[in-house]
Amino acid sequence: QVQLVESGGGLVQTGGSLRLSCAASGRTFSNYAMGWFRQAPGKEREFVAACNRSGGSTYYADSVKGRFTISRDNAKNTVYLQMNSLKPEDTAVYYCAARTAVSTTPWHYNYWGQGTQVTVSS
């Protein structure tokens, strides 16, 4: 089992920045690709960003490309999502997830955190 705990969410104005963190425990963190997903009220969970086990390969949804950056520190068992130039449409609950191979598809992931709320005010 892998346990994931997100933090760093909050309320920010349009154009602001937040950095989300996801701390992993339970198994060897570097054996897992990591993804960030989000879900707004009434909408399906959608892919935001993902990285492979080393963090050397990263993937982004078109809606966040150039604004968000995923990174990981395998020594700290943590993956990050730096979010800049935030927009009201970025408002959602953000989840991190883990699986052995990188994917942009939510239902491919085996392990999920509890989520952290991000609210961007206009």
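Brief remarks on what is shown
- When residues of region 40-60 are limited to those that are outside any strand (DSSP E or B) and closer than 15 Å to Cys96 by Cβ, the one most open to solvent (accessible area, probe 1.4 Å): Arg53
- Any hit, region 1-8, residues being open to solvent by 10 Å² or more (accessible area, probe 1.4 Å), at positive phi and in a strand (DSSP E or B): no
- Taken together, the criteria exclude Thr69 from residues that are more than 20 Å from Gln13 (Cα to Cα), among the β-branched types (Val, Ile, Thr) and open to solvent by 20 Å² or more (accessible area, probe 1.4 Å).
- For region 103-122, the set of residues classified as of a type in the set (Gly, Ala, Ser) and assigned to a strand (DSSP E or B) consists of Ser121 only.
- Restricting region 72-90 to residues that are in a loop (DSSP other than H, G, I, E, B) and either under 19 Å from Glu6 (Cα atoms) or touching a Lys or Arg at 6+ places or on another chain (Cβ under 6 Å) (or both), the residue that is least open to solvent (accessible area, probe 1.4 Å): Leu86
- Residue check, Val93 in a strand (DSSP E or B), surrounded by 15 or more Cβ atoms within 10 Å (Cβ to Cβ) and within 14 Å of the chain's Cα centre (by Cα): yes
The values are calculated or read from the model by the stated rules, or taken from the named source; none is laboratory data. For clarity, every value in this text was computed on a predicted model and none was experimentally measured. Cβ: placed from backbone, ideal geometry, glycine included. Neighbour counts: every protein chain shown. These area figures cover heavy atoms from the full protein model, side chains too; ligands, DNA and RNA do not enter into them. Shrake-Rupley method; radii C 1.70, N 1.55, O 1.52, S 1.80 Å.
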